[in-house]
Amino acid sequence: MPIAVDAFPTVGEAAAALLSTPQARFFGGGTILMRALNEADPSIERIIRTADPALREMRSAGGSVTLGAHVTMAAVAHHRDTAFLAPVARVIGGPQVRSAATVAGNLFAAAPYGDFAAALMALGASAELADGRRIPVDDVIRNGARGIVASVIVPIPRDGLLFKKVSRVRPKGVSVLSIAAHLPRQSGRVNGARIVLNGMGPRPARASAAEAALNGRPLESSAIERAAQVAAEGFAPQDDPIATAWYRREVAGVHLRRLLEGAR
Amino acid sequence: MARKPIEITHNGEEKAIFVADGQNLLDVLRRTVGDLTPKYGCAQGTCGACTVLIDGTPHLSCLTLAETANGRAIETVAGLAGGELSPLQDAFMRNFSAQCGYCTGGMLMSAEALLRANPRPTREDVVEAISGNLCRCTGYEAIIDAVMDAAQSAPRRMG
């Protein structure tokens, strides 16, 4: 079955084409789809793409930064407005992957490749679809987009983003797991913690038990210890060639504790 | 299968070629253009053997949809040497940086991109620049030595 690749001048036209053939796949930077094509993945019959320059735009206004869907990891790593996301973008792939991999593409990356998606989720980012709908990235990560993600709106974190990618390869390699955490403080206490674990299941997900252990408390040893103990609660990681499920459950709390201790 | 015409600049030379839907740039470079210097390693974006520069930036040609290269400048190892080896290639030779040689083309292109952007890199900069290229023979040290050597032996720009 030959593959058909259809290019459209604008994201609106691409979205209309996707609507008429829902089984088609939308092309971002290619790091996911080309890999599948190179393996002759039979589920891919039609690819829709656009080089719409609007998808490469980055703008910052009113406490948030809007990243076009096709903004690359390399652009995020180097732009002044996304300095808070640079530590995440920098540890994704090597330079070649970062010059292709996109912000929106990472929302659809299979575990354990969702490092950037985890960070967006921890920051409470939302996705704007080509039809103008705006939905939390959490929904896109959990359920897909049913449309084309045109941009991602990321609130600039007042209290910084904590991020740790755990890999067994130096200087870097694929994630065993990664942790992204945003811990807003109010009068010295954590209020509205968002902690996201990537690689602990098919999609990045909130570590609700660890969040509950921190909320309403100052970020000190006892609260951190409690959060670390319950870090893997609610997660069902898989055995894979990178690590066993047991190992992931064991080390999730250790790395969360180190990350939080470093932020005190 | 649909054939799409594209125009690329391949190592400074303009070429008009046809690509197929879904074909990757590595395949086009090797089969259509006849440039065998980018290597087919994993086709997964893991090994870096197919690294080429697109408009000066390192990309994995195996993960690049060929039609998206339309209008762009592609550089490969075939364009590095002009009659004699480039200083970077010469440094690779002097430092014994290739054993089987399969990764070397990709290593050279990643290092070339680094040295153009940062002519005086630290050792850490070099490690970072080649972090997307796997070598199963050398243990990397000889490759890092070569890139540092090339940077140090390049004429210093006064400024």
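The values are calculated or read from the model by the stated rules, or taken from the named source; none is laboratory data. This structure is a prediction, so every number in the text was calculated from the model and none was measured. Note that we place each Cβ from the backbone using ideal geometry, even for glycine, and neighbour counts take in every protein chain shown.
One table, with the values for the structure above:
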| item | result |
| --- | --- |
| Region B:74-106: number of residues that are within 14 Å of chain A (Cβ to nearest Cβ) and outside any helix (DSSP H, G or I) | 4 |
| Members of region B:98-129 found to be in contact with a Phe, Trp or Tyr (Cβ under 9 Å, 6 or more places away or on another chain) and in contact (Cβ under 8 Å) with a residue 40 or more places away in the chain, listed by number | B:98, B:107 |
| Subset of region A:44-73 that is in a loop (DSSP other than H, G, I, E, B) and under 21 Å from residue A:15 (Cβ atoms) - its residue that is farthest from the other protein chains (Cβ to nearest Cβ) | A:57 |
| Single unsatisfied condition, residue A:168 versus (1) within 30 Å of residue A:216 (Cβ to Cβ); (2) at pLDDT below 95 | (1) |
| Among residues of region A:231-243, those that are surrounded by fewer than 18 Cβ atoms within 10 Å (Cβ to Cβ) and either under 17 Å from residue A:196 (Cα atoms) or touching a helix residue (DSSP H, G or I) at 6+ places or on another chain (Cβ under 9 Å) (or both), counted | 5 |
| Search result, residues across region B:1-53 that are under 15 Å from residue B:105 (Cα atoms) and part of a strand (DSSP E or B) | B:51, B:52, B:53 |
| Residues satisfying the stated conditions in region A:74-83, i.e. away from chain B (no Cβ under 12 Å) and either crowded, with 19+ Cβ neighbours inside 10 Å or closer than 22 Å to residue A:24 by Cα (or both) | A:76, A:82 |
| Hits in region B:130-159 - residues which are outside any helix (DSSP H, G or I), within 14 Å of another protein chain (Cβ to nearest Cβ) and either of a type outside the set (D, E, K, R) or touching a residue at least 40 places away in the same chain (Cβ under 8 Å) (or both) | B:130, B:131, B:132, B:133, B:134, B:135, B:139, B:140 |
| Counted residues, region A:149-172 - those being farther than 17 Å from residue A:109 by Cβ and within 14 Å of another protein chain (Cβ to nearest Cβ) | 3 |
| Number of positions in region B:33-53 that are surrounded by fewer than 23 Cβ atoms within 10 Å (Cβ to Cβ) and within 8 Å of another protein chain (Cβ to nearest Cβ) | 2 |
| Failed condition for residue B:22, given (1) within 16 Å of the chain's Cα centre (by Cα); (2) within 10 Å of another protein chain (Cβ to nearest Cβ); (3) on the phi > 0 side of the Ramachandran plot | (1) |
| Where residue A:144 falls short, out of the listed (1) more than 12 Å from the chain's Cα centre (by Cα); (2) surrounded by fewer than 24 Cβ atoms within 10 Å (Cβ to Cβ); (3) at negative phi | (3) |
| Residue satisfying condition, being outside any loop (DSSP other than H, G, I, E, B), without any contact (Cβ under 8 Å) to a residue 24 or more places away in the chain and more than 20 Å from the chain's Cα centre (by Cα), within set A:227, A:213 | A:213 |
| Residue selected from region A:84-125 under the condition among the small types (Gly, Ala, Ser), in a loop (DSSP other than H, G, I, E, B) and within 14 Å of chain B (Cβ to nearest Cβ), by the criterion surrounded by the fewest Cβ atoms within 10 Å (Cβ to Cβ) | A:110 |
| Members of region A:16-33 found to be farther than 17 Å from residue A:56 by Cβ and more than 10 Å from chain B (Cβ to nearest Cβ), listed by number | A:16, A:17, A:18, A:19, A:20, A:21, A:22, A:23, A:24, A:25 |
| Subset of region A:244-264 that is over 22 Å from residue A:170 (Cβ atoms) and hydrophobic (A, V, I, L, M, F, W, C) - its residue that is surrounded by the most Cβ atoms within 10 Å (Cβ to Cβ) | A:260 |
| Qualifying positions in region A:1-24 - under 19 Å from residue A:72 (Cα atoms) and outside any helix (DSSP H, G or I) | A:10 |
| One residue from A:174, A:166, A:196, A:149 being more than 30 Å from residue B:141 (Cα to Cα) and in contact with a Ser or Thr (Cβ under 9 Å, 6 or more places away or on another chain) | A:196 |
| Qualifying residue in region A:34-43 (condition: on the phi > 0 side of the Ramachandran plot and more than 8 Å from chain B (Cβ to nearest Cβ)) | yes |
